Amino acid sequence: MNEISGVGETQNITDGAVPCHDGQANPVHHFRYCPRCAAEGTFNLHDYSFKCPACGFYFFLNAAAAVTAVIFNDKGELLTVKRGVEPGRGMIDLPGGFVDPGESVEQALLREIKEELDLVPVSILYMGSFPNRYLFSGTTVFTVDCAFRCYVDDFSTLKHQDDVMDVAFARPQDIDLKAVPFVSVQQVIKKLIDEPSNFR
Ligand SMILES: [Zn+2]
């Protein structure tokens with residue numbers, strides 16, 4: 001059981017609660033007032049919901065859908081990017097980003113690959129989903145990263161743009177996982193190392 005000291009209160013998180021950053025990064029400290037009527041509300045740490053006793057506003061802090069692209073060149077090297085934005089600016093990541101409202105996961109994947117790398121995959125294969133949490137704007141953000149193997153035939157247009165600082169190719173086993181800021185992306189790379197024949 002972890003004890004979290006809040007603003008003027010102490011809350012206990014049992015083993016069944018969603019794991020979160022401790023202290024002031026916990027969303028309980030950032031969801032205190034109702035966005036509809038501004039009354040003080042209650043944030044439930046177990047289902048990550050906010051309820052307003054004054055107007056009845058009820059909101060769930062769900063995990064945001066995100067996409068992660070696994071792209072190999074013909075030498076079996078994985079395309080990695082150096083992040084150009086926080087969190088984890090300058091660290092190693094895989095291409096990807098958030099799914100926009102109204103967009104499918106597949107559309108988001110192709111859009112992000114085009115925006116970040118100017119590449120167009122000829123086909124994609126779903127690998128699995130990987131939960132992540134990270135600090136953004138001083139609070140914990142939850143995502144679920146949907147990873148896809150993306151088959152690219154033509155790398156001639158490759159250039160890094162948008163929020164990518166640099167692009168590199170490396171064998172998965174040669175990537176320093178300590179330089180990868182997100183546990184979800186670490187798990188994708190581990191999966192590529194552990195199951196080399198499934199996703200090449
Ligand atoms: Zn309210």
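Laboratory data are not the source of any read-out in this text; all were calculated from the coordinates shown. Computed from a prediction, not measured in an experiment: that's the story for all the values here. Neighbour counts are summed over all protein chains in view; Cβ atoms, including those assigned to glycine, are modelled from backbone coordinates with ideal geometry.
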For VAL99, the residues 5 or more places away or on another chain with a placed amide H closer than 5 Å to its own amide H are ALA65, ALA66, VAL67
Stretchable slack from SER197 to GLU103, in nm (0.36 nm times residue separation minus alpha-carbon distance):
30.7 nm
Overall dimensions of the stretch 64-194 by Cα: Rg and Dmax, Å
13.5, 41
Relative to the first principal axis of the alpha-carbon coordinates of the chain, what is the inclination of helix 105-117, with its axis defined by its Cα atoms, in degrees from 0 to 90 and to the nearest 10?
60 degrees
In vacuo Debye scattering of the stretch 26-102, one point per C-alpha: log10 I(q)/I(0) at q = 0.17, 0.18, 0.22, 0.23 Å⁻¹?
-0.80, -0.84, -0.97, -1.01
For GLY41, list long-range residues whose amide hydrogen, built 1.01 Å from N in the peptide plane, is under 5 Å from its own amide hydrogen.
TYR33, CYS34
Tilt relative to the chain, helix 183-194 - C-alpha long axis, 0 to 90 degrees, to 10
40 degrees
Longest span of the chain, sites excluded, free of chymotrypsin sites (Phe, Trp or Tyr not before Pro) in DSSP loop with at most 15 other C-beta atoms within 10 Å?
58-154
Cβ-defined net charge surrounding GLU195, 15 Å radius [Lys, Arg +1; Asp, Glu -1]
+4
